[in-house]
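Everything on this sheet refers to the single structure shown next.
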Amino acid sequence: MIDLILLGTSGTIPLPGRPLSSVLGRVGPELILFDCGEGTQVSMRRWGWGFKGLSAICLSHMHGDHVSGLPGLLLSVANAGRVEPMDIYGPIGTRIVVAGLRVIAPRLPYEVRVHELTTSDGLDWNGTTIATLPVDHAIPCLAFRLDLARTRRFQPERARALGVPIEEWKLLQQGRSVTVDGRQVRPEDVLGPARRGIRFGYVTDTRPTSEMPEFLADSDLLVIEGTYGDPADAENAIANKHLLFSEAAEIARAARARQLWLTHFSAKLLEPAQYTLEAARIFPDTTIGQEGLTTSLRFDDEAAPTPSPGSTA
């Protein structure tokens with residue numbers, strides 16, 4: 001299961017009641033943060049998910065509204081008692097920006113490991129895979145995807161039929177072969193068919209690219225920027241390398257996503273919900289993001305709650 005909460009939905013500058021865009025995820029006891037604008041630590045404290053479990057931060061790019069909250073957040077994590085290392089992932093330029101921001105947060109009780117991602121190779125985090133895709137913004141920028149794979153179902157009746165002792169079942173579940181009476185029993189001999197996992201996509205800031213649908217394919221939830229709701233802002237979207245609501249919805253539809261949350265609204269877009277239909281006519285399962293919007297992504301045969309504002313998952 002992956003729990004997710006929007007910590008904010010504003011682009012460029014925070015507004016009263018609308019913190020800067022950020023998403024917090026939880027897998028088991030560990031937390032992962034996507035972008036960290038000014039005031040992110042305040043939103044994290046408001047919704048009560050804690051700080052100590054934060055072990056990874058993914059930064060889409062180095063504009064201030066996506067990184068300027070780092071010093072305060074790192075200090076809050078320290079005050080919560082974390083001593084384990086923390087990993088920060090981002091595009092080229094991340095290392096120098098984080099170093100600059102840490103001038104005012106130089107001493108921490110844990111190691112901060114900064115990784116500049118130059119390939120799309122998947123990274124392992126807490127039993128999940130983090131994948132990245134370069135997107136089209138004014139500076140180097142990455143879209144992120146978080147995949148939680150599901151193991152194949154163990155079939156004990158097949159193991160018994162093959163004479164595998166119960167104490168060796170765990171080895172087969174872990175993907176290791178065992179030897180029984182001089183013959184090898186492989187994991188595929190006792191495991192069922194492959195099962196669908198969970199996929200979360202996070203995209204901001206960018207223009208549409210041809211690679212996005214495949215990268216985001218079959219996502220259970222996409223959180224995508226919708227900087228402009230009004231189609232009349234198309235020229236601004238192109239000039240500033242951002243998305244219209246309708247363009248975000250087209251990406252979700254092409255990717256065969258299950259849900260779409262829009263975020264990163266322009267400061268001039270005071271009532272994003274006014275333009276809901278611009279996205280919903282293309283992708284019906286569209287939600288206009290707001291601080292505190294929460295959901296839990298579960299495997300297909302598990303019951304899933306409906307996303308709700310103000311919930312703590």
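Nothing in this text is a laboratory measurement; each read-out follows from the coordinates by a stated rule. Here the structure is a predicted model, which is why all the values come from computation and not from measurement. All Cβ positions, even for glycine, are placed from backbone atoms using ideal geometry, and neighbour counts span all protein chains on display.
Some points to look at:
- Exposed GluC sites (Glu not before Pro) absent - longest run of the chain, DSSP non-H/G/I/E/B, at most 10 other C-beta within 10 Å: 112-301
- Cα centroid separation - region 233-257 against region 62-133, whole Å: 28 Å
- Region 182-210 residues near the modelled Lys170 label - backbone nitrogen below 18 Å, point 7 Å along Cα→Cβ: 187
- Gaussian network model of the chain, Cα within-10 Å springs - most flexible of Val135, Val178, Val203: Val178
- Counting beta carbons within 10 Å around each of Val83, Val98 and listing the fewest first gives the order Val83, Val98.
- Ranked Phe283, Phe144, criterion: other C-beta atoms within 10 Å, fewest first: Phe283, Phe144
- FRET efficiency estimate (nearest 0.05) - Cβ-Cβ, Ala80 to Glu214, R0 41 angstrom: 0.60
- Note on Arg196 and Ala267: the model spin-label points, each 7 Å out from Cα along the C-beta direction, lie 4.2 nm apart.
- Using the Cβ-Cβ distance between Asn236 and Thr129 with R0 set to 45 Å, the FRET efficiency from 1/(1 + (r/R0)^6) comes to roughly 0.80.
- Among beta bridges that DSSP assigns inside region 136-288, antiparallel share in %, nearest 5: 50 percent
- Considering only the chain, percent of DSSP beta bridges that pair antiparallel, nearest 5: 60 percent
- Lysines with Cα under 29 Å of Lys268, excluding same-chain neighbours fewer than 8 positions away: Lys241
- In region 1-120, the DSSP beta bridges split such that about 45 percent are antiparallel, to the nearest 5.
- Pairwise Cα separations in region 156-257 fall into 5 Å bins from 0 onward with the following percentages, short to long: 2, 12, 18, 12, 7, 6, 6, 7, 8, 7, 7, 5, 3, 1, 0.
- Exposure proxy ranking, count of Cβ atoms within 10 Å, fewest first, for Met212, Met1: Met1, Met212
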